[in-house]
């Protein structure tokens, strides 16, 4: 096993394709370990120094730890995963069948850095299945509600997944909306990406935006231009790899709701949604989530992940809690 360190962004960008191939061959990976997410994140939010560990076996990439270094006010260097802060799941990657050896080499690296370089490690947002959870004592950091879909194959099957009465309510909202005119659902493609992306930004801001003395304050995920540019770049990358799931709901040609998420390894990830409050009587926010979940069932998806946050609405869809963990390792 050979280990090398990548410290320049250009060198990291040059290995995008083998990195993505490794993601596809890593059993515990999520789309948040993809270069399509982490490279745009570094471009727009990154600080400190890149310190990406590349693990190779006879010249073949078998592991990757996307790390960065940051100096703390009191001196020691803190090593974190790229994406820490606004990424739901973090971890290293290891090719199937190489997990143990990659973890062993990574553990040796951590011990060496803690002992001789006064480096601390702060690994956040580790799923229960994450490789990095075995590196040290962990504490619960976040709750991530997930809807199991293993026993569903049709829209009707979701009746048994969702909370009592939700299926009936959604049918009622659908009929009410259809009485108002033409109802259409759109899925993202290369052709319509720009308009659908602008739609999710606008509707999310419209739903969550608040005004104070004539100035919009809280606008949710798309709170500033940097965030919008990051998500546009990430979404375009995911689209090229067929990982993006972006849907819109229209009434009489007017887009009134949208949902933005991803799929990977038979899991669907719900990132955000938005709807026009002018149409709240039709519950378009619920209808677009239901549509996304229906498409997940048709695509033989096994889980629908609502990601971080224990908001009550997630449990109405049949979600059960999974936990994210944090591991803190100070210098020796």
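Restricting 128, 112 to residues that are over 18 Å from residue 4 (Cα atoms), surrounded by fewer than 18 Cβ atoms within 10 Å (Cβ to Cβ) and in the same structural domain as residue 57 (by TED's automatic domain parsing) narrows the list to 128. Tell me, please, whether a residue that is part of a loop (DSSP other than H, G, I, E, B), on the phi > 0 side of the Ramachandran plot and touching a residue at least 60 places away in the same chain (Cβ under 8 Å) can be found in the stretch 118-133. There is at least one residue in the stretch 118-133 that is part of a loop (DSSP other than H, G, I, E, B), on the phi > 0 side of the Ramachandran plot and touching a residue at least 60 places away in the same chain (Cβ under 8 Å). The single condition from (1) touching a residue at least 40 places away in the same chain (Cβ under 8 Å); (2) on the phi > 0 side of the Ramachandran plot that residue 43 fails is (2). On inspection, residue 59 does not qualify as surrounded by 23 or more Cβ atoms within 10 Å (Cβ to Cβ) and over 18 Å from residue 125 (Cα atoms).
Residues in the stretch 146-162 that are in a loop (DSSP other than H, G, I, E, B) and either in contact with a strand residue (DSSP E or B) (Cβ under 9 Å, 6 or more places away or on another chain) or under 20 Å from residue 308 (Cα atoms) (or both): 149, 150, 161, 162. For the stretch 189-215, the set of residues classified as exposed (fewer than 10 other Cβ atoms within 10 Å of the Cβ) and at pLDDT 85 or above consists of 190, 191, listed by residue number.
Residue-level check: of (1) modelled with pLDDT under 95; (2) surrounded by 13 or more Cβ atoms within 10 Å (Cβ to Cβ); (3) within 25 Å of residue 34 (Cα to Cα); (4) more than 13 Å from the chain's Cα centre (by Cα), residue 224 misses just (2). State which residue is surrounded by the fewest Cβ atoms within 10 Å (Cβ to Cβ) when the search covers only the stretch 87-109 and only residues that are in contact with a helix residue (DSSP H, G or I) (Cβ under 7 Å, 6 or more places away or on another chain) and part of a helix (DSSP H, G or I). Here the residue is 107.
Annotation note: Cβ proximity below 7 Å between a residue of the stretch 102-114 that is within 14 Å of residue 55 (Cβ to Cβ) and a residue that is assigned to a helix (DSSP H, G or I) (sequence gap 6+ or interchain) occurs for 103/131; 103/134; 107/135; 110/135.
The values are calculated or read from the model by the stated rules, or taken from the named source; none is laboratory data. Since the structure is predicted, the reported quantities are computational estimates derived from the model, not experimental observations. For neighbour counting, all protein chains shown are included, and Cβ atoms are generated from backbone atoms with ideal geometry for every residue, glycine included.
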